[in-house]
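Novice: This structure is in structure tokens; I'll ask about it shortly.
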């Protein structure tokens, strides 16, 4: 069984192919998203791995939060492929994927994702054996409220995600805060959470999957601007 994992929520277009383990992956800097770049990355991975596209059985998709246009591109391409091949599309929250990738420690985990306009998606997690559980619901914070969240108590915290985007005034010099990896959502992180969702058979039809942007986009546009024929044949 072959799986394709995709993340386009931030500055990187990240794709990965899996069987029981990772076969091949690619991450390309593309801050504003690009449909052709995503399709080319998928083509290169399948060609390099000598895998027929028709052999892909499931797609795991980062559905946000993140950059609106980039998320729309990832969703449109993934839904097109799923429609072509008749395979399921598994939606994974990027905040959850970041926390799960960092769950080996004992600190509270704070996942941060830049959603532009000096706003950040934020969620906290408690490490448990084999994974993490949410301690809070995802929320949108500006720089001031994010600083308050990070420094509201003396509990030791591990900060993962887009913390490199934060200025020193927000980070401060607290000895209770530790900044670590991962620093962005990758296709591998999405796969590790998505495969458990797939095992539990708890997912909607591919055309019912929606992105989790968490705030209104900077501009409004018709969905037709992202519609095009997805040629996904060997």
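Read-outs throughout are calculated quantities, based only on the coordinates presented, and are distinct from any laboratory measurement. All figures in this text were calculated on a predicted structure; none of them were measured in a lab. With ideal geometry, Cβ positions are generated from the backbone for all residues, glycine too; neighbour counts draw on all protein chains shown.
Novice: How large is log10 of I(q)/I(0) for the chain at q = 0.10, 0.11, 0.13, 0.17 Å⁻¹ when the intensity is taken from the Debye formula with one equal scatterer per alpha-carbon?
Specialist: For the chain at q = 0.10, 0.11, 0.13, 0.17 Å⁻¹, log10 I(q)/I(0) is -0.45, -0.54, -0.75, -1.21.
Novice: Let me ask you something else. If I model a spin label as a point 7 Å beyond the Cα along the Cα-Cβ vector, how far apart are those points for residue 151 and residue 202 in nm?
Specialist: According to this spin-label approximation, the distance is 3.8 nm.
Novice: Compute the distance from the alpha-carbon center of the stretch 67-109 to that of the stretch 169-208, in whole Å.
Specialist: So the separation of the two Cα centres works out to 8 Å.
Novice: Can you tell me the length gained on complete extension of the stretch residue 106 to residue 140, counting 0.36 nm per residue apart and subtracting the Cα distance?
Specialist: 9.7 nm
Novice: Next up: Given the options 113, 51, 81, state which has the largest fluctuation in a GNM of the chain using a 10 Å cut-off (strictly under) for Cα springs.
Specialist: 51
Novice: Test of understanding: ordering 213, 60 by Cβ neighbours within 10 Å, fewest first, what list do you get?
Specialist: 213, 60
Novice: Can you work out the FRET efficiency for the pair residue 1 and residue 47, with r the C-beta to C-beta distance and R0 = 22 Å, to the nearest 0.05?
Specialist: 0.65
Novice: So which residue, out of 105, 66, 86, gets the largest mean-square fluctuation from a GNM of the chain using Cα contacts under 10 Å as springs?
Specialist: 105
Novice: Report, to one decimal in Å, the Kirkwood hydrodynamic radius for the stretch 30-157 based on all distinct Cα pairs.
Specialist: 16.8 Å
Novice: A further question on this structure: Can you compute the FRET efficiency between residue 183 and residue 22 using 1/(1 + (r/R0)^6), with r the Cβ-Cβ distance and R0 = 25 Å? Round to the nearest 0.05.
Specialist: The value I calculate is 0.85.
Novice: Calculate I(q)/I(0) for the stretch 95-179 by the Debye formula, one identical point scatterer on each C-alpha and no solvent, and give its log10 at q = 0.20, 0.22, 0.23, 0.26 Å⁻¹ to two decimals.
Specialist: Taking Cα atoms of the stretch 95-179 as identical point scatterers yields -0.86, -1.05, -1.14, -1.43.
Novice: Find how much the distance from residue 173 to residue 118 grows on full extension, using 0.36 nm per residue of separation minus their present alpha carbon separation; answer in nm with one decimal.
Specialist: 17.7 nm
Novice: Exposure proxy check: 212, 201, 186, 136 ranked by fewest other beta carbons within 10 Å?
Specialist: 201, 136, 212, 186
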